[in-house]
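Here's the structure, in C-alpha cells; my notes come after.
FYI, it's all coordinate maths here, none of it is from the lab. The structure presented is a predicted model; accordingly, all values stated were derived computationally and were not measured. Here the Cβ is made from the backbone with ideal geometry for all residues, glycine too, and neighbour counts use every protein chain on show.
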Amino acid sequence: MRRLTLVSLAFAVVLLGNNVLAHHNMTALFDFNDRVTLNGTLTKIDWRNPHTYLTIDVHGGAGATESWQAEGPSPTWFRIRDIGKADFEGNLGKSLTVEVSRARDKSRSGLIRTITLPGGRVVSACPQNC
C-alpha cells in the first residue's frame, strides 16, 4: 500500500509540474514600462483558457494597417467582472482602445492593461497585468 501511495504521489507531481512549466512569466515576455495605446478595430477574439486574445487592426503611420495581438486574462477573470464573450463578439468590427504592455521582442503584441469598449466601458486588467 505504501509503495502505491508513493507511486501515485510521484505521478501527481509529474503531472502538476508540467502545468507549472507551461505557464509563462509575464515580465519575461512583456515590458511593463513600454506602454502602447492601440486605437483600432476589433477583428478577432480567442476566448479560451488560460488567456484570452484580441486581434486589433490599427492604422499605422504610413497609412498601412497593422494587426496587433493583445493577450488578456482568462475568461473567468472577465466573467467575475460581469463581462462575457458576447460582449466582445458584439463589438467585432467596431473601434475600441486597448492599452498594452508591449512584448519585449517589439513584435505587434502586448499584454492588456486596459480596454475601452465602443460603448465607453473601461475594463482594467490592473493590478494583475500592470
TODO: Quickly rank 39-51, 106-118, 65-77 as a protection proxy: mean count of other C-beta atoms within 10 Å, highest first.
DONE: 106-118, 65-77, 39-51
TODO: Express the relative contact order of region 18-128 as a whole percentage, based on alpha carbon pairs under 8 Å and six or more residues apart in sequence.
DONE: 27 percent
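Only sites in a loop by DSSP and with at most 14 other Cβ atoms within 10 Å count here; which trypsin sites (Lys or Arg not before Pro) in region 68-104 make the cut?
Arg81, Lys94, Arg104
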- [ ] At 0.36 nm per residue, minus the direct Cα-Cα distance, what do Asn39 and Ala62 gain on full extension? Give it in nm, one decimal, please.
- [x] 6.7 nm
